[in-house]
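Peer 1: Could you have a look at this structure, given as structure tokens, before my questions?
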Amino acid sequence: MTTKEIVPPIVIALIIAGLIYFGLTNVGPVATFIIGGSATLGYVAWLFTTYKKPADPQAILPLYLLVVAFELIHMSEESMTDFAGKFGSLFGENFSIFAPMVLLFGGIWVLAGFGLIYKNPVANFIVWFVAIGPGVANGIAHFIFPVLAGTLYFPGLITVIFPFIGSILLIKRLLAGSQTA
């Protein structure tokens, strides 16, 4: 393996470790488990699928951008309905970082679309992270939150189904593409 091949997995692993440390020391275990766990699962999926043989941008990019658009709409609903406050109250966590996190992650996700065009390995990791974390894990969590809160609605519940379904389709497409590689 060349240095060029080994640097992306090491850098991504260090970023994930840093995010988990930051989350545990500044936010709390529930948010950190959801985001850090999703990043870790995305990392493993990436290493075993699209790391060595990046996804075909023509097959992945349109669906990926649709999932990102759905997720941005979903995060808008969360912002308008005080997800950060309700999540923080429900789990006793400081989720005041929610607004900057939305802007940072949203920007990275959009830029990853450009990386997909050039078959960038880091962009392929981001696709896996978005599909597993904000897509599937977040979708499952949003159906659990109202039960835990004892209410019919929890901020983000209305729109979460769109990135959830889109991400399941995206994962299927990523896996299908990696099997033909």
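Peer 1: Considering only residues of the range 1-17 that are more than 18 Å from the chain's Cα centre (by Cα), part of a helix (DSSP H, G or I) and of a type in the set (Val, Ile, Thr), which is surrounded by the fewest Cβ atoms within 10 Å (Cβ to Cβ)?
Peer 2: So the residue we want is 3.
Peer 1: Another one. From the list 152, 157, exactly one residue is outside any helix (DSSP H, G or I) and either within 18 Å of the chain's Cα centre (by Cα) or within 13 Å of residue 42 (Cβ to Cβ) (or both). Which is it?
Peer 2: 157
Peer 1: Go over the candidates 59, 84, 55 one by one and state the one that is over 19 Å from residue 104 (Cβ atoms) and in a helix (DSSP H, G or I).
Peer 2: 59
Peer 1: Moving to a separate point now. Is it the case that residue 64 is more than 18 Å from residue 173 (Cβ to Cβ), surrounded by 20 or more Cβ atoms within 10 Å (Cβ to Cβ), under 14 Å from the mean Cα position of the chain (by Cα) and among the hydroxyl-bearing types (Ser, Thr, Tyr)?
Peer 2: Judged against the criteria, residue 64 is not a match.
Peer 1: So the check is Cβ under 7 Å with 6+ separation or different chains; which pairs have a first residue in the range 18-44 that's over 23 Å from residue 170 (Cα atoms) and surrounded by 17 or more Cβ atoms within 10 Å (Cβ to Cβ) and a second one that's of a type in the set (Val, Ile, Thr) and at pLDDT 95 or above?
Peer 2: 32/20
Peer 1: Determine, yes or no, whether residue 70 is in contact with a Pro (Cβ under 9 Å, 6 or more places away or on another chain), under 16 Å from residue 141 (Cα atoms) and of a type in the set (Phe, Trp, Tyr).
Peer 2: In short, no.
Peer 1: Could you please let me know if residue 133 is more than 14 Å from the chain's Cα centre (by Cα) and either among the aromatic types (Phe, Trp, Tyr) or assigned to a helix (DSSP H, G or I) (or both)?
Peer 2: When the stated conditions are applied, residue 133 does not pass them.
Peer 1: What is the one condition in (1) part of a loop (DSSP other than H, G, I, E, B); (2) modelled with pLDDT under 95 that residue 176 does not satisfy?
Peer 2: The one condition residue 176 does not meet is (1).
Peer 1: Residue pairs, Cβ under 9 Å, 6 or more apart or interchain, first in the range 80-97 and over 13 Å from residue 148 (Cα atoms), second among the hydroxyl-bearing types (Ser, Thr, Tyr) and crowded, with 16+ Cβ neighbours inside 10 Å. List them.
Peer 2: 93/32
Peer 1: Here's something else I'd like to know. Can you name the number of the only condition in (1) modelled with pLDDT under 95; (2) under 24 Å from residue 165 (Cβ atoms) that residue 65 fails?
Peer 2: The number of the failed condition is (1).
Peer 1: Can you find even one residue in the range 92-100 that is over 13 Å from the mean Cα position of the chain (by Cα), on the phi < 0 side of the Ramachandran plot, among the acidic types (Asp, Glu) and surrounded by 20 or more Cβ atoms within 10 Å (Cβ to Cβ)?
Peer 2: Taking every residue of the range 92-100 in turn, none turns out to be over 13 Å from the mean Cα position of the chain (by Cα), on the phi < 0 side of the Ramachandran plot, among the acidic types (Asp, Glu) and surrounded by 20 or more Cβ atoms within 10 Å (Cβ to Cβ).
The values are calculated or read from the model by the stated rules, or taken from the named source; none is laboratory data. Given the structure is predicted, the values throughout are model-derived calculations rather than measurements. Cβ coordinates were reconstructed from backbone atoms using ideal geometry, including for glycine residues, and neighbour counts include every protein chain displayed.
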